[in-house]
Amino acid sequence: MFPALTSLSDHDIEVVVDTVTEWCSQHHCDIDSNRGQLALTTAVDALQSSPGRDALLHHLSEKLDEQ
C-alpha cells in the first residue's frame with residue numbers, strides 16, 4: 001500500500017502510520033491524498049532523527065505547515 005514503509009520494522013510502521021493519521025486528521029486531509037502521501041514520506045524520512053511519536057508529529061508540523 002505504501003512503498004515507503006517496506007524498509008521499516010513493524011513498530012516503526014505503527015509509529016509512522018499512527019502519527020501521519022493524527023497529522024492528517026488535524027489538517028483535514030486523507031492519508032491517501034497528495035498531502036497525506038507527502039506527510040507519510042516526510043515521516044519515514046524523519047523517523048531516524050525523531051524516533052518518538054510526539055517528536056515525529058512535531059517534525060511533520062514544522063516541515064509541512066510551512067508549505
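The values are calculated or read from the model by the stated rules, or taken from the named source; none is laboratory data. The shown structure was predicted, so the numbers you read here are calculated from the model rather than taken from an experiment. Cβ placement follows ideal geometry from the backbone for every residue including glycine, while neighbour counts extend to all protein chains displayed. These accessible areas exclude ligands, DNA and RNA; they are computed on the full protein's heavy atoms, side chains included. Shrake-Rupley method; radii C 1.70, N 1.55, O 1.52, S 1.80 Å.
The table for this structure:
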| quantity | calculated |
| --- | --- |
| Additional length obtainable on full extension of the chain from His58 to Thr21, 0.36 nm per residue less Cα span | 12.0 nm |
| Share of carbon and sulfur in the accessible heavy-atom surface of the chain [1.4 Å probe, %] | 50 percent |
| Rounded accessible area per residue of the chain, 1.4 Å, Å² | 61 Å² |
| Computed [θ] at 222 nm, helices only, for the chain once each DSSP H run of length n ≥ 4 contributes -39500 (n - 2.57) | -20000 deg cm²/dmol |
| Radius 13 Å from Cβ of Trp23, net charge of other residues (Lys, Arg +1; Asp, Glu -1) | -3 |
| Pair Asp10, Asn34: separation of 7 Å Cα→Cβ label points (nm) | 3.6 nm |
| Solvent-accessible surface ranking, highest first, for His27, His11 at 1.4 angstrom | His11, His27 |
